[in-house]
Amino acid sequence: MVEGDASPLSLLTLLALLGALAYAAAAGSAVLHARAAGTAPVAAVAVPARESARLLVQRRRTVPGADALLWRLGGALLPVAAALAALVVPLGSTAVSDLSVGVVWFNAMEVLAWCAVWLLGWGANSVWGLVGGYRFLIQGLSYELPHMFALITAALGAGSLRVGDIVAAQEDVWFAVLMPAAFAVYLVSALAMAFWGPFDAPVGRDVAGGAAAEPSGADRLVLLAGRYMLLAVVAAMAVPLFLGGGAGPLLPGWAWSLVKTLAVLGALVWIGHRVPTVRMDRFTEVGWMVLLPLSLLQALVVSVLVLVR
């Protein structure tokens, strides 16, 4: 794998691709909404652009007693966390930063996402925002360990924490085939990380939008963009971890990376519209009693296979 030089051009290219994938996720969500409502799906593709324009000109709403710095910092940290996580995600054979601890770096960026949603709920001086922030912390505690062990299992199979080495280890067979439980746990935790679909309780309607109840105007636009960017980057990371990276016939590596990323992203968006919101107590129970033992068992199986081969 070629190590990226982190040049301004490569960083701009990364941000542009991440933004395009985030828009694709938002457009796909709008199309599914339109189909469910019986309206024209084609026209829904432009809905994210129109909504962005509306929010840009919308006047910011203020809340008495809100901590404006923490509130706006929370919203801004979401896209920052997604962009930083994307630094180690390779496009074909090249990543902006091919760190020797790329898997750890990617996992560490979730801490920023946790901080972002918590600050967003805390700083708003709103009971609904605070409840939403607490819900995300509980959700994070429930998915983080299974998510971490899913990442570690992929690294264990390759014998390295470098994302490029994990891709190279899948030359014969993808890790999604060798470790399906880890792949499934990763996808579930990816949805929870982006508080999307069945795991949108932190911004649920039952708490008037939760952590996203108070942001408006440009603040809300940044929050929504960060959420879709998180969804895009976790979909992109699934490709080098479990789907062989840019390996594939006919097309160049970067094209295969994009095709696989769009496939995973489309599946995550579709799941978000087909599966109802999971109650927080139920998800906590499933996270600790099902996902964590399943990910540990998968890691144990992979460890034994690595030792005996």
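The values are calculated or read from the model by the stated rules, or taken from the named source; none is laboratory data. These numbers were taken from a predicted model, which means no experiment stands behind them. As a convention, Cβ positions derive from the backbone with ideal geometry for all residues, glycine included, and neighbour counts pool all protein chains shown. Keep in mind that these areas ignore ligands, DNA and RNA; they rest on the heavy atoms of the full protein, side chains included. Shrake-Rupley method; radii C 1.70, N 1.55, O 1.52, S 1.80 Å.
Okay, here's what the table says:
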quantity: Single residue of the range 81-97 satisfying the filter (closer than 13 Å to residue 256 by Cα and not hydroxyl-bearing (Ser, Thr, Tyr)) that is surrounded by the fewest Cβ atoms within 10 Å (Cβ to Cβ); calculated: 92
quantity: Residue within the range 151-161 that is within 28 Å of residue 75 (Cα to Cα) and either in a helix (DSSP H, G or I) or open to solvent by 10 Å² or more (accessible area, probe 1.4 Å) (or both) present; calculated: yes
quantity: Any hit, the range 252-269, residues being out of contact with any Phe, Trp or Tyr (no Cβ under 9 Å at 6 or more places or on another chain), modelled with pLDDT under 90 and open to solvent by less than 10 Å² (accessible area, probe 1.4 Å); calculated: no
quantity: Residue among 26, 53 that is assigned to a helix (DSSP H, G or I), open to solvent by less than 70 Å² (accessible area, probe 1.4 Å) and within 20 Å of residue 272 (Cα to Cα); calculated: 26
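Per-residue answers, yes or no, for (1) open to solvent by 30 Å² or more (accessible area, probe 1.4 Å); (2) assigned to a loop (DSSP other than H, G, I, E, B):
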{"residue": "165", "(1), (2)": "yes, no"}
{"residue": "170", "(1), (2)": "no, yes"}
{"residue": "176", "(1), (2)": "no, no"}
{"residue": "182", "(1), (2)": "no, no"}
{"residue": "185", "(1), (2)": "no, no"}
{"residue": "189", "(1), (2)": "no, no"}
{"residue": "195", "(1), (2)": "no, yes"}
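Listed here are the residues, each with its yes/no results for (1) among the small types (Gly, Ala, Ser); (2) assigned to a helix (DSSP H, G or I); (3) more than 24 Å from residue 159 (Cβ to Cβ); (4) open to solvent by less than 70 Å² (accessible area, probe 1.4 Å).
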site: 105; (1), (2), (3), (4): no, yes, no, no
site: 113; (1), (2), (3), (4): yes, yes, yes, yes
site: 122; (1), (2), (3), (4): no, yes, yes, no
site: 136; (1), (2), (3), (4): no, yes, yes, yes
site: 140; (1), (2), (3), (4): yes, yes, yes, yes
